[in-house]
Amino acid sequence: MLRLGGKELFSRFLIGTARYPSPETMRQAIEASGSEVVTVSLRRYGSGKWDSNAFLNLLKEMQLNILPNTAGCYSVKDALTVSRMAREVFNTDWIKLEVIGDDYNLQPDPFGTVEAAKILIKEGFEVFPYMTDDLVFAERLLDAGCKVLMPWAAPIGSGRGPANPHSLRTFRARFKDVPCIIDAGLGKPSHAAAVMEMGFDGVLLNTAVSLARDPVEMARAFAMAIDAGRKAYQAGMMPEREFATPSTPVVGTPFWHQEKK
Amino acid sequence: MKLVVNGEAREFDRVENVAQLVKSLGGDVKFFSVALNGEFVPRGDYEKTKLGEGDDIEIVTPFPGG
């Protein structure tokens, strides 16, 4: 059971709603993922022929927890305004806070993210911060009142998988009592399994599923990988060794002699 | 009165507050939210939030996101 933002969740897979070939594929992929949390955004009214009523009604019918993001915000002020609008539209205190600091790799702005988190938490928001794996950034977010941390594995949409496994392991060890979700940068189910084996509490991803040739099958594959990684973490993995050790017992090996002939 | 709505400058007649602006845009969008000059305007404040020449209004709706 994963406790996030005051809710108890069975699934450790949080999934995005963007870039699917069709709304129906999105619906099927979310169902296949088993996710109970979906990320959404706010965009200008009149952007294309988008049917926002049908979109939100579908997510409501599916009884999903909605996690709105502040994607595309580069300033604290914009992130605060989008968060407040999102609370009204989606009727939730949850916000996936993204304050982007760099246009090139969409890296979060740690200073802006912390500043915005402080204000939003005072206003009663449950802040899910999009962040790097920097320990001091994480400390400041916890000081601000965040109850969950969401470090990236690699830049958003890159699909590269954990760019710095050592630093993610350090992060996990440093904040062992805080729910930590890997957000962004995963491309394959094996990436998701790898971070779950490290002991992360969950995975948030979007593009790896929605841009797959078959998003529904990929959602299922990720769900299995996340589950496998979690079970492996709980089961406790054997330590790595430098050299070979036989798995079959040596005792009683036939034709064995104390002295070499 | 000239207003900038979602980044586009437009002329509006007989629009004095946010409630009237939203109504004048028509459409059947059920879920939306409004910001005036970068600040969130709660739904309950639409009537009393007056608009002035050159005001910048953002109207947003739910959209897919990651």
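Within a straight-line Cα-Cα reach of under 29 Å, A:Lys7 can be paired with the following lysines, leaving aside sequence neighbours fewer than 8 residues apart in one chain: A:Lys60, A:Lys77, A:Lys96, A:Lys118, A:Lys122, A:Lys147, A:Lys176, A:Lys188, A:Lys231, B:Lys30.
In this structure, A:Arg3 and A:Ser190 have a Cβ-Cβ separation that, at R0 = 25 Å, corresponds to a calculated FRET efficiency of about 0.40.
Estimated at 0.36 nm per residue, the fully extended path between A:Arg213 and A:Asp51 surpasses their Cα-Cα distance by 55.9 nm. Looking at chain B, the GluC sites (Glu not before Pro) that sit in a DSSP loop and have at most 12 other Cβ atoms within 10 Å of their own Cβ are B:Glu47, B:Glu53. Just the protein heavy atoms count here, and of the accessible area of region B:2-60 at 1.4 Å, carbon and sulfur take up 46 percent. Free of any trypsin sites (Lys or Arg not before Pro) that DSSP assigns to a loop and that have at most 13 other C-beta atoms within 10 Å, the longest stretch within chain B is B:49-66. Scanning residues 5 or more positions from B:Lys30 or on other chains, those with amide H under 5 Å from its amide H are A:Asn53, with H placed 1.01 Å from N in the peptide plane.
Within the protein assembly as shown, DSSP assigns beta bridges of which about 50% are antiparallel (rounded to the nearest 5). Normalising the Debye intensity of region B:2-60 to I(0), with uniform scatterers on Cα atoms only, and taking log10 at q = 0.18, 0.30 Å⁻¹ returns -0.54, -1.66. Inter-chain Cβ neighbour count for A:71-78, averaged per residue, equals 1 (cutoff 10 Å, partner chain atoms only). Taking 0.36 nm per residue of sequence separation and removing the Cα-Cα distance, the A:Glu139/A:Asp93 pair yields an extension gain of 14.3 nm. A Förster radius of 41 Å combined with the Cβ-Cβ distance from A:Met238 to A:Val178 puts the calculated FRET efficiency at roughly 0.90.
Among the GluC sites (Glu not before Pro) in region A:214-261, those located in a DSSP loop and surrounded by at most 16 other Cβ atoms within 10 Å of their own Cβ are A:Glu240, A:Glu242, A:Glu259. Chain A and chain B together bury an accessible surface of about 2500 square angstrom, both sides counted, with a 1.4 Å probe and no ligands or nucleic acids included.
Residues of region B:20-66 that bury at least 50 Å² of accessible area when the other protein chains are present, relative to the chain alone (probe 1.4 Å, heavy atoms, ligands and nucleic acids excluded): B:Phe31, B:Phe40, B:Val60, B:Thr61, B:Pro62, B:Phe63, B:Pro64, B:Gly65, B:Gly66. Solvent-accessible area per residue in the protein assembly as shown equals 52 Å², computed with a 1.4 angstrom probe and all protein chains kept. Note on A:Thr253/A:Lys147: beta-carbon distance plugged into 1/(1 + (r/R0)^6) with R0 of 56 Å gives a FRET efficiency of 0.50.
Hydrodynamic radius of region A:89-207 by the Kirkwood approach over all distinct alpha-carbon pairs: 14.3 Å.
Label sites at A:Gln63 and B:Asn37, each approximated as a point 7 angstrom past Cα along Cα to Cβ, lie 4.6 nm apart. Loop-located chymotrypsin sites (Phe, Trp or Tyr not before Pro) across region A:1-87 with a Cβ neighbour count of 12 or fewer within 10 Å are A:Phe10, with loop assigned by DSSP.
For the protein assembly as shown, with equal point scatterers placed on the C-alpha atoms only and solvent neglected, what are the log10 I(q)/I(0) values from the Debye formula at q = 0.06, 0.08, 0.09, 0.11 1/Å, to two decimals? The computed values of log10 I(q)/I(0) come out as -0.26, -0.42, -0.51, -0.72. Judged by the mean number of other Cβ atoms found within 10 Å, the most tightly packed of the peptides A:128-134, A:250-256 leads the ranking A:128-134, A:250-256. Between the alpha-carbon centers of region A:82-140 and region A:41-81, tell me the distance in whole angstrom. Between the Cα centre of region A:82-140 and that of region A:41-81, the gap is 15 Å.
The values are calculated or read from the model by the stated rules, or taken from the named source; none is laboratory data. Because the structure is predicted, anything quoted here is derived from the model rather than measured. FYI the Cβ positions are ideal-geometry reconstructions off the backbone, even for glycines, and counts take in every protein chain you see. Note: areas computed on protein heavy atoms with side chains; ligands, DNA, RNA excluded. Shrake-Rupley method; radii C 1.70, N 1.55, O 1.52, S 1.80 Å.
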